[in-house]
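What follows is a short report on a single structure.
The values are calculated or read from the model by the stated rules, or taken from the named source; none is laboratory data. All of these numbers come straight from a predicted model, not from anything done at the bench. Heads up, the Cβs are rebuilt from the backbone with ideal geometry, glycines too, and the neighbour counts pull from every protein chain shown. Side chains included, ligands, DNA and RNA excluded: accessible areas come from the protein's heavy atoms. Shrake-Rupley method; radii C 1.70, N 1.55, O 1.52, S 1.80 Å.
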Amino acid sequence: MADHYEALGVGRDATTDEIKKAYRRLARELHPDVNPGAEASERFKSITHAYDVLSDAKQRQKYDQGGQNGGFSEQNFGNFGDIFETFFGGGGGSTRGPRSRRERGQDALLRVELDLDEVIFGTHRDLEVDTAIVCDTCKGSCCAPGTSPVTCDICHGTGSIQRAVRSLLGNVMTSSPCGSCRGFGTIIATPCMTCSGQGRVRARRTVPVDIPAGVDTGLRLQMPGSGEAGPAAGPNGDLYLEMKVRHHDVFSRDGDDLMCSLDVPMTSAILGTSVTVKALDGDIEVEIRPGAQSSEVLTIRDRGITKLRGSGRGDLKIGIHVVTPSKLDHKERDLIEQFAARYTTAAPTLSQYQQGLFAKLRDRFLG
């Protein structure tokens, strides 16, 4: 028998792809449907066996080492169906069995709006969701009560139809889904009237959710198995909750910290004072030191938002805004003039430009 490499017309250092291309070219040329001669038929068998050996790494190694190359046999030629499938996409007559009616349900997305105070410690919500649930009449069987699916009389339960297709390389068996049962292998002769044979219906249900502390706008929480039920009582998809935290008129957020501004009268800033601040989670006593200046920031530890990951809370940062009165009566003006006369200071002079209050507060808030 001719050398396998010579039969395919390739060198001994040929790659797997080169061997494959050589065989494909010769197979098209020598196939009995194209070249019915006896010599061509023998060569076709020879190259088929050569490819069968050289395309398998272990057999090729054994052949290169001078081992048995295995004469051509009916068993070797039987592998041609697999070769054809590799090269030309034929079905080779193989089937995978009927497909299941049960499929996983779709995922669902629900947007949840929260107030800022709910984010501090987390909250509980009972969410109303319009979704697909298992049909209560048929319990997901898709059949009317008292009935069951029947075996398809076209594919006999296999879910596929096999056909012989004549091609360049001979008759090839192909497999395609059965058009009668759509590949299921069974037919719903009497569908459930409630779900129209789907095994699921649309309904509103309540989903209890414990929303953790520290969530922020744009964050998505995943609830496995809380999405839509699949066809024929298939497993539920997942439910995703997208968070949106509403704007608050007083407090804003920077990560786990809360920020706000405190308007302090000029006299209180000069003399110092104590004030009660109504925070989101209760009142806080704040001490204003004598001589407090605008843009100073008071930090109240552990009165911010509970951290989503980890432990502890952020801080509450309060920016001081000293309010100077713009309208004075005669008596008030006299008092201020007396104070000015006693409080000697240098005349106003130019200095480095100072940015606005809110910009300064922002910079100090953010460090």
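Observations, loosely collected:
- Residue match in the range 261-268 (condition: hydroxyl-bearing (Ser, Thr, Tyr), open to solvent by 70 Å² or more (accessible area, probe 1.4 Å), under 26 Å from residue 112 (Cα atoms) and modelled with pLDDT under 95): no
- Only one of the listed residues (205, 182) is modelled with pLDDT under 95, surrounded by 14 or more Cβ atoms within 10 Å (Cβ to Cβ) and of a type in the set (Lys, Arg). That residue is 182.
- The one condition in (1) closer than 30 Å to residue 302 by Cα; (2) open to solvent by less than 70 Å² (accessible area, probe 1.4 Å) that residue 117 fails to fulfil: (2)
- Selection status of residue 238, closer than 30 Å to residue 314 by Cα and surrounded by fewer than 18 Cβ atoms within 10 Å (Cβ to Cβ): no
- Considering only residues in the range 241-256 that are open to solvent by less than 30 Å² (accessible area, probe 1.4 Å) and assigned to a strand (DSSP E or B), the one that is farthest from residue 279 (Cα to Cα) turns out to be 241.
- The range 269-280: number of residues that are exposed (fewer than 15 other Cβ atoms within 10 Å of the Cβ) and touching an Asp or Glu at 6+ places or on another chain (Cβ under 9 Å): 4
- Only one entry in 182, 200 is free of Cβ contacts under 8 Å to residues at least 24 places away in the same chain and farther than 30 Å from residue 114 by Cβ, namely 182.
- Tabulated pairs, the range 1-27, first over 14 Å from residue 55 (Cβ atoms), second among the aromatic types (Phe, Trp, Tyr) and not in a helix (DSSP H, G or I), C-beta under 8 angstrom, 6+ apart or interchain: 1/72
- Residue within the range 144-164 that is free of Cβ contacts under 8 Å to residues at least 24 places away in the same chain, of a type outside the set (Asp, Glu), surrounded by fewer than 16 Cβ atoms within 10 Å (Cβ to Cβ) and part of a strand (DSSP E or B) present: yes
- In the range 314-325, the qualifying residues are those that are closer than 30 Å to residue 219 by Cα and in contact (Cβ under 8 Å) with a residue 60 or more places away in the chain, and the one that is surrounded by the most Cβ atoms within 10 Å (Cβ to Cβ) is 317.
- Of 332, 296, 285, 337, all but one fail to be modelled with pLDDT of 80 or more and open to solvent by less than 40 Å² (accessible area, probe 1.4 Å); the exception is 296.
- Residue within the range 264-284 that is within 30 Å of residue 135 (Cβ to Cβ) and either not aromatic (Phe, Trp, Tyr) or not in a strand (DSSP E or B) (or both) present: no
- The range 5-14, residues that are of a type in the set (A, V, I, L, M) and not in a helix (DSSP H, G or I): 10, 14
- Leading residue by the ranking (least open to solvent (accessible area, probe 1.4 Å)) among those in the range 46-85 that are in contact with a His (Cβ under 6 Å, 6 or more places away or on another chain) and at pLDDT below 50: 76
- Residue check, residue 17 assigned to a loop (DSSP other than H, G, I, E, B), of a type outside the set (A, V, I, L, M) and exposed (fewer than 13 other Cβ atoms within 10 Å of the Cβ): no
- Matching residues in the range 21-45 - criterion: being part of a helix (DSSP H, G or I) and either β-branched (Val, Ile, Thr) or surrounded by fewer than 19 Cβ atoms within 10 Å (Cβ to Cβ) (or both): 21, 24, 25, 28, 29, 38, 39, 40, 41, 42, 43, 45
- The number of residues in the range 211-225 being in contact with a Gly (Cβ under 7 Å, 6 or more places away or on another chain) and not in a loop (DSSP other than H, G, I, E, B) comes to 1.
- Scanning the range 192-202 for residues that are assigned to a strand (DSSP E or B) and surrounded by 18 or more Cβ atoms within 10 Å (Cβ to Cβ) gives a single hit, 200.
- Qualifying residue in the range 216-229 (condition: out of contact with any strand residue (DSSP E or B) (no Cβ under 8 Å at 6 or more places or on another chain), under 13 Å from residue 119 (Cα atoms) and either open to solvent by 30 Å² or more (accessible area, probe 1.4 Å) or not β-branched (Val, Ile, Thr) (or both)): no
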